[in-house]
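Q: So that we are looking at the same thing, I have put the structure below in structure tokens.
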Amino acid sequence: MKTKPKKESYLYPCNLPGLKIVRTDDVYLYDENNKKYVDLSASAGVVAVGYNSHRMKEVMRRQAEKNIFSPQLQETSESILLAKKILGLFPAGFDSVLRATTGSEAVEIAMKIAARQTGRSKFLSFKGAYHGHTFAAMSLGGENRLTKEFTPILARFATIKHPSSLNKGRALPADFKKTLKSIEKELKRGGCAGFVAEGVVTSAGCFNFPDGFFKEVLKMCRRYGTLLIFDEVLTGFGRTGKMFSFEHFSICPDMVCLAKGLGSGYAPISAVVSRKELIGNFVYMSTFAWSPLACAVALENINIIEEEKLAKNSCDLGRLTLGFLKKSLSKNKAVKEIRGKGLIIAIEFFNNNDARKIFNDCLKKGVLLFKNYSDNMLFVQPPLNIRKNILNKALGTVIGSINENFG
Ligand SMILES: Cc1ncc(COP(=O)(O)O)c(C=O)c1O
């Protein structure tokens, strides 16, 4: 009897071994059969300006003629321009940019600076948050499926349970007071070098905080000598409807980690933005960080985000998306809650595996979503340049799929 040949995959891990992407354009991906997919994942929230952008390609072409890579510890005209551009997006007081390649690396750098500056080794973070795949950054992630098997050998960092049901407008003050109390309890215990947070706890399921929340956290951090580190790897560059998620709280953290949206995937590039007085004479090196090509790409990417007002697009379309999803799925018994801010919105299901079912169904129908590892959450986080009509149509597919499968 003939056995069916197995579909081969040479790469590990591979999320969708059957899907080979051969071409991208704007908010679309194309497979080898030229099937078109609307990408509501933005490649794990990386892409702000859309795929295969003509402007980005033009800058890459011009920069390739001039200087792709040069000795990495030297400043280049491109790195100086980019550092100035980034600092121009930040409030006064931020005066230094550290150069790196990935989000995890940026988080590690901020943790090292905090440990060195305070002489302490403990860090706080929110339960269920994801801050990277390297050992220290992974230790911030609590007990999610990605980090669980390493728990016995990870440094013991405290995770704070964020309040649930934030979008329901009930019991908020009590929930938040409780969270603030548990943060204070941990800080009081002593030894906390830093608190690593996002303005929206994205991986945990896009939990939001009320306006005054981080002002209180910052006050407490100051009281106990702990540094506040904002991980804007995913939330940065307009994803939550403002350029950075800390802006929703009118605060100034001590350090800010940037990655994904900084280069929109056209180059691996990340950064930590901070103050000279905290960095002191801290030294680190990263071989591939901030090549002239990566800097030129990031600079053009930020220009596009600003000129095309992509943070505002994210804010406006995010609000519409949240309303549309909530209204259309309010009676669906499988959906537990829908939360988010800007163009990062989580649909949480009661049952594990429900997200996988919808994910697969939508993929067949030409819509790629982002899904968590526990298979109980789907994320709507398209490239920030997506247009309303394209987004609405894709959302219609997602809503239709959920209502058909679990109506
Ligand atoms: C909030 C956050 N921090 C850090 C990281 C790690 O970034 P990278 O995969 O570039 O190392 C991620 C990646 O998903 C992230 O979402």
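Values quoted throughout were computed directly from the atomic coordinates according to the rules given, and no laboratory measurement underlies them. Everything numeric in this text was worked out from a predicted model, so none of it was measured. A quick note on method: Cβ atoms are made from the backbone with ideal geometry, for glycine too, and the neighbour counts reach across all protein chains shown.
Q: Could you work out the relative contact order of the stretch 217-267, using alpha carbon pairs under 8 angstrom and six or more residues apart, expressed as a whole percent? Could the numbers behind the result be given before it?
A: Working: 58 pairs, mean separation 20.8, N = 51.
Once normalised by length, the contact order is 41 percent.
Q: Mind listing the long-range amide H neighbours of VAL367? Cut-off is under 5 Å, sequence gap 5 or more, other chains count too, H placed in the peptide plane at 1.01 Å from N.
A: VAL38
Q: Related question: What's the ranking of 288-294, 177-183 by average number of surrounding C-beta atoms within 10 Å, highest first? Working shown, then result.
A: On the way: 288-294: 21.9, 177-183: 15.7.
Top of the packing list down: 288-294, 177-183.
Q: Still on this model: With charges set only on the Cβ (+1 for Lys and Arg, -1 for Asp and Glu), what does the dipole of the stretch 54-307 come to about its Cα centre, in debye to the nearest 20?
A: It works out to roughly 900 debye.
Q: Need the full-extension length gain, PHE135 to GLU184, defined as separation in residues times 0.36 nm minus the C-alpha distance. One decimal, nm. All intermediate terms of the calculation are to be shown ahead of the outcome.
A: On the way: separation 49, 0.36 × 49 = 17.64 nm, distance 2.56 nm.
Separation in residues times 0.36 nm, less the Cα-Cα distance, equals 15.1 nm.
Q: On to the next question. With the cut-off at 1.5 for a/c, could you classify the chain from its C-alpha gyration tensor as rounded, prolate or oblate?
A: Values: a/c = 1.56, a/b = 1.13, b/c = 1.37.
Oblate, because a/c is 1.5 or more while a/b does not exceed b/c.
Q: Once the Cα gyration tensor of the stretch 243-304 is found, what semi-axes does its equivalent ellipsoid get, as square roots of 5 times the eigenvalues, in whole Å, sorted largest first? Intermediate values should be presented prior to the final figure.
A: Numbers: eigenvalues 93, 71, 13 Å².
In descending order, the three semi-axes are 22, 19, 8 Å.
Q: Same structure, new question: Please turn the phi angles of the stretch 178-190 into ³J(HN,Hα) values with the Karplus equation 6.51 cos²θ - 1.76 cosθ + 1.60 (θ = phi - 60°), one per residue in order, whole Hz, x for glycine and proline.
A: Residue by residue, the stretch 178-190 yields 5, 5, 4, 5, 5, 5, 4, 4, 5, 5, 4, 4, x Hz.
Q: Amide H of VAL27 versus every other amide H placed in the peptide plane: which residues, excluding those fewer than 5 positions away on the same chain, fall under 5 Å?
A: The list, which skips near neighbours in sequence, is TYR51.
Q: Sticking with this structure for a sec: Sorted by mean Cβ packing within 10 Å, highest first, what order do the peptides 232-242, 31-41, 107-117, 60-70 take? Intermediate values should be presented prior to the final figure.
A: Working: 232-242: 27.6, 31-41: 16.7, 107-117: 23.1, 60-70: 12.6.
So the order, starting with the most tightly packed, is 232-242, 107-117, 31-41, 60-70.
Q: 5 Å is the cut-off here: which amide hydrogens, built 1.01 Å from N in the peptide plane, fall below it relative to LEU124, excluding neighbours closer than 5 in sequence?
A: GLY194, PHE195, VAL196
Q: Over the chain, what is the percentage of antiparallel beta bridges among all DSSP beta bridges, to the nearest 5?
A: Numbers: 28 of 43 bridges.
The answer is about 65 percent antiparallel.
Q: Taking neighbour Cβ counts within 10 Å as the exposure measure, how do THR102, THR287, THR202 sort from fewest upward?
A: Details: THR102 21, THR287 8, THR202 26.
With the sparsest Cβ surroundings first, the list reads THR287, THR102, THR202.
Q: Quote the FRET efficiency, to the nearest 0.05, computed for ASP25 versus ARG223 with a Förster distance R0 of 60 Å and r equal to the Cβ-Cβ distance. Don't skip to the end; give the middle numbers.
A: Details: r = 51 Å, r/R0 = 0.86.
Efficiency, rounded to the nearest 0.05: 0.70.
Q: Using the Karplus curve 6.51 cos²θ - 1.76 cosθ + 1.60 with θ = phi - 60°, what ³J(HN,Hα) values do you get for each residue of the stretch 231-242, in whole Hz, with x for Gly and Pro?
A: Result, rounded to whole Hz: 8, 9, 4, 9, 7, x, 6, x, 4, 9, x, 10.
Q: Run the numbers for LYS112 and LEU73: contour at 0.36 nm per residue of separation, minus the present Cα-Cα distance, in nm. Let's see the in-between values first.
A: Working: separation 39, 0.36 × 39 = 14.04 nm, distance 1.95 nm.
That pair, LYS112 and LEU73, stretches by 12.1 nm at full extension.
Q: Among PHE246, PHE213, PHE359, determine the one that fluctuates most according to a GNM of the chain built with springs between C-alpha atoms less than 10 Å apart.
A: Between PHE246, PHE213, PHE359, it is PHE213 that shows the largest mean-square fluctuation.
Q: Oh, and also: Distance cut-off 18 Å, Cα to Cα: go down the list LYS177/LYS215; LYS177/LYS336; LYS215/LYS336 and report the pairs above it. Kindly include the intermediate steps, with their values, before the conclusion.
A: Numbers: LYS177/LYS215 13 Å; LYS177/LYS336 24 Å; LYS215/LYS336 30 Å.
Check vs 18 Å cut-off fails for LYS177/LYS336; LYS215/LYS336.
Q: HN-Hα J couplings of the stretch 344-360 from phi, Karplus 6.51/-1.76/1.60, θ = phi - 60°, integer Hz, Gly and Pro as x?
A: Listing the rounded values in order: 9, 10, 9, 10, 9, 9, 5, 9, 5, 5, 5, 5, 5, 4, 5, 4, 5 Hz.
Q: For PHE350 paired with LYS36, estimate the spin-label separation in nm (one decimal), with each label point 7 Å from Cα along the Cα-to-Cβ line.
A: In this crude label model, PHE350 to LYS36 measures out at 3.8 nm.
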